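Participant: Once you've had a glance at the structure underneath, I'll fire off some questions.
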Amino acid sequence: MKSFQAGLLKRRYGHCQADEIGMTMTECCGIVPPEKGMRMKMKSLAGNFLIASPTLDDPNFSQTVVLICDHTDEGAFGLVVNRVLMESFQPLLNNFEISGSSVDMPVYFGGPVKPEQGYIIYEPFEKKYSSLKISGNIGVTASQEMLYDILNGRGPAHYLFALGFSGWSAQQLEAELLTDSWLIAPCSRDVIFSREVRERWRAAARNIGVDFYRYSDRSGTA
C-alpha cells in the first residue's frame with residue numbers, strides 16, 4: 001500500500017547487538033560493511049522489533065518497541081507498540097467521520113511521522129482489508145473499513161490502533177544499526193497483544209536474552 005511508503009522521516013537511531021550475542025554484523029543483521037563510497041547491503045528487517053536501548057534519550061523513542069512493517073532499498077516503515085497516546089478512541093470519532101461506536105480502545109503513538117494517519121496492527125491476518133502481512137498471522141493496515149468493523153464489534157480477535165509512524169530513508173536504517181541505540185529481536189505477538197504496555201519493552205528484550213536491569217552501554221555506564 002502506498003500509505004506505508006509515504007513520508008519516510010530522517011531520524012538518528014539504530015543498533016546492532018552482534019557484540020552482545022557473539023555474532024558478526026553480517027550474521028546478526030545481514031549487514032555487509034561497505035567500502036568507501038559504496039552502499040551497504042542488508043537483509044530486510046520487516047517482521048522484526050527494534051527495541052530502544054537504555055542509552056537512547058530521544059523523547060520520541062525512549063524505551064520503545066518498534067515493529068518494522070516494511071523494509072526495502074527505498075527505506076523502512078515501523079510502528080511503536082508500547083506507548084499509549086489516549087486511553088479512549090471516543091474523542092477521535094469525529095476526526096474519522098464516525099457517528100458512534102459500540103467498542104472503545106486505546107490509541108497508541110505509532111511514531112512522529114504523519115500523526116493524523118491511523119494504522120492497525122491485527123491478528124489474524126485477512127487480505128480483504130488491503131493489508132500488509134508482517135509476521136506469522138499478524139498484519140498491518142490503514143483500512144478505514146477495518147476501523148469501522150472494530151468499533152462496531154466485528155473486528156479481528158486482536159488489534160492495536162496507532163496514530164503516526166516511524167520511518168527511515170534509503171540506507172538510513174542500515175547506517176544507524178551500526179550505533180548503540182537499538183536492539184533487534186523477532187516479532188512476538190505475545191509482546192504486542194498480551195503483555196501489559198509497561199512490560200513490553202523489557203519483555204521484548206528478554207526474548208533475545210537481554211535483561212535491561214543488568215544492561216550497560218559500551219562505555220561501562222549502567
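The values are calculated or read from the model by the stated rules, or taken from the named source; none is laboratory data. Source: prediction; values computed, not measured. With ideal geometry, Cβ positions are generated from the backbone for all residues, glycine too; neighbour counts draw on all protein chains shown.
Participant: State whether one or more residues within the range 197-214 are modelled with pLDDT under 95, closer than 27 Å to Glu116 by Cα and of a type outside the set (Val, Ile, Thr).
Facilitator: no
Every residue, every condition in (1) charged (D, E, K, R); (2) surrounded by 16 or more Cβ atoms within 10 Å (Cβ to Cβ); (3) at positive phi; (4) in contact with a Pro (Cβ under 8 Å, 6 or more places away or on another chain), yes or no:
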position	(1), (2), (3), (4)
Ser102	no, no, no, no
Tyr119	no, yes, no, no
Glu123	yes, yes, no, yes
Ser130	no, no, yes, no
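Participant: Also: Taking the conditions exactly as written (under 11 Å from Ile51 (Cβ atoms), surrounded by 20 or more Cβ atoms within 10 Å (Cβ to Cβ) and touching a residue at least 12 places away in the same chain (Cβ under 8 Å)), does Val191 satisfy them or not?
Facilitator: yes
Participant: Return the pairs, sorted by first residue and then second, in which the second residue is buried (at least 17 other Cβ atoms within 10 Å of the Cβ) and among the hydroxyl-bearing types (Ser, Thr, Tyr), the first residue lies in the range 41-53 and is under 10 Å from Ala205 (Cα atoms), the beta carbons are less than 6 Å apart, and the residues are 6+ apart or on different chains.
Facilitator: Matching pairs, first to second residue: Ala52/Thr64; Ser53/Ser181.
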